[in-house]
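Asker: Handing you a structure now.
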Amino acid sequence: MKALVAVKRVVDYNVKVRVKTDGSDVDIDNVKMSMNPFDEVAVEEAVRLKEAGKISEIVAVSLGGKKSEETLRTALAMGADRAVHIETDAKLEPLTVAKLLKAVAEKETPQLLLLGKQAIDDDANQTAQMLAALLGVAQGTFACKVVLEGNNEVLVTREVDGGEETLALKLPAVISADLRLNEPRFVKLPNIMAAKKKPLEKTTPADLGVNVIPKTNVVKVAEPKPRQAGIKVSSVAELVEKLKNEAKVI
């Protein structure tokens, strides 16, 4: 059984991003970049399934500029067998990403497609759902537990408002990983060195026949306004009066 895992290069979650002075975008020059945390969980889950003998091969795929290769090398160091880099400098929207992943999936024919539920830069939470729809396969989103039942079915436990629900999905299937699915392993130096020798295939959106021209334009990016300081009230009556006359919420 083959698993395809999508990974994205994003600003490290510990970095406080700043808006460019012209308001056109966030400034990512000279900031630390790393693998999207949700994608890291997806890679870890694929590796654990392989270690359990459920998966025979893991293919990592990433989309972006030349430096996305570093993210793929991290996935290879974690345990992926080979990687595919769709090299492009275009600003990719979720639907475009889904179309590119679909093209790779049709070539690789994986039984399991693992993605992070969202990227921490755009927080779209759309790609996995769109990919499943384009491929016409089952999907299990926000997964907190994944159990492969033979070669034809996967049980996905997912978090919902009322608690948890478990879905039985026929393979092939798309699964989006939540942070609670697992705790990614620390990558050791020997694995990092070994990852440099693992195969990494390069391709382009043109090779895959996908148009990457954005359908939307960013008009302006701005930091949220700072919150005003809170105040203390001496009684319930004063609280009600302020909510009614000042905040005008009741």
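Asker: Picking from Asp123, Asp161, which residue would you name as being over 12 Å from the mean Cα position of the chain (by Cα) and either buried (at least 21 other Cβ atoms within 10 Å of the Cβ) or among the acidic types (Asp, Glu) (or both)?
Answerer: It is Asp161.
Asker: Using the structure shown, decide if Arg180 is open to solvent by 20 Å² or more (accessible area, probe 1.4 Å), under 15 Å from the mean Cα position of the chain (by Cα), among the charged types (D, E, K, R) and farther than 19 Å from Thr203 by Cβ.
Answerer: yes
Asker: Could you please tell me which pairs satisfy a Cβ distance under 8 Å, a separation of 6+ or placement on different chains, a first residue in region 190-214 that is on the phi < 0 side of the Ramachandran plot, and a second residue that is open to solvent by less than 70 Å² (accessible area, probe 1.4 Å) and basic (Lys, Arg)?
Answerer: Ile192/Arg73; Ala195/Arg73; Lys196/Arg73; Lys198/Arg82; Pro199/Arg82; Leu200/Arg73; Leu200/Arg82; Glu201/Arg82
Asker: Just to be sure I understand, how many residues within region 196-228 are of a type outside the set (Val, Ile, Thr), open to solvent by less than 90 Å² (accessible area, probe 1.4 Å) and either farther than 17 Å from Ala6 by Cβ or part of a loop (DSSP other than H, G, I, E, B) (or both)?
Answerer: Total meeting the criteria: 6.
Asker: Find all pairs meeting these conditions: Cβ atoms under 7 angstrom apart; at least six residues apart or on different chains; first residue within region 216-228 and among the basic types (Lys, Arg); second residue in a loop (DSSP other than H, G, I, E, B).
Answerer: Lys220/Gly23
Asker: Further question on the same structure: Could you grab the pairs with beta carbons closer than 9 Å, sequence gap of 6+ or different chains, first residue in region 121-148 and within 24 Å of Gly163 (Cβ to Cβ) and part of a helix (DSSP H, G or I), second one open to solvent by 50 Å² or more (accessible area, probe 1.4 Å) and of a type in the set (Ser, Thr, Tyr)?
Answerer: From residues that are within 24 Å of Gly163 (Cβ to Cβ) and part of a helix (DSSP H, G or I), there are no pairs.
Asker: Would you tally the residues in region 162-214 being among the small types (Gly, Ala, Ser) and under 20 Å from Glu44 (Cβ atoms)?
Answerer: Matching residues across region 162-214 total 5.
Asker: Quick test for you: out of Ala60, Ala90, Ala83, Ala42, pick the one residue that is touching a residue at least 24 places away in the same chain (Cβ under 8 Å) and assigned to a loop (DSSP other than H, G, I, E, B).
Answerer: Ala90
Asker: While we're here: Scan region 183-195 for residues that are open to solvent by 70 Å² or more (accessible area, probe 1.4 Å) and over 22 Å from Asn36 (Cβ atoms) and jot them down.
Answerer: Leu189, Pro190, Met193
The values are calculated or read from the model by the stated rules, or taken from the named source; none is laboratory data. Quantities reported herein were computed from a predicted structural model and do not represent experimental measurements. Neighbour counts are summed over all protein chains in view; Cβ atoms, including those assigned to glycine, are modelled from backbone coordinates with ideal geometry. Each accessible area value is taken on the protein alone, full model and side chains, heavy atoms only, with ligands, DNA and RNA left out. Shrake-Rupley method; radii C 1.70, N 1.55, O 1.52, S 1.80 Å.
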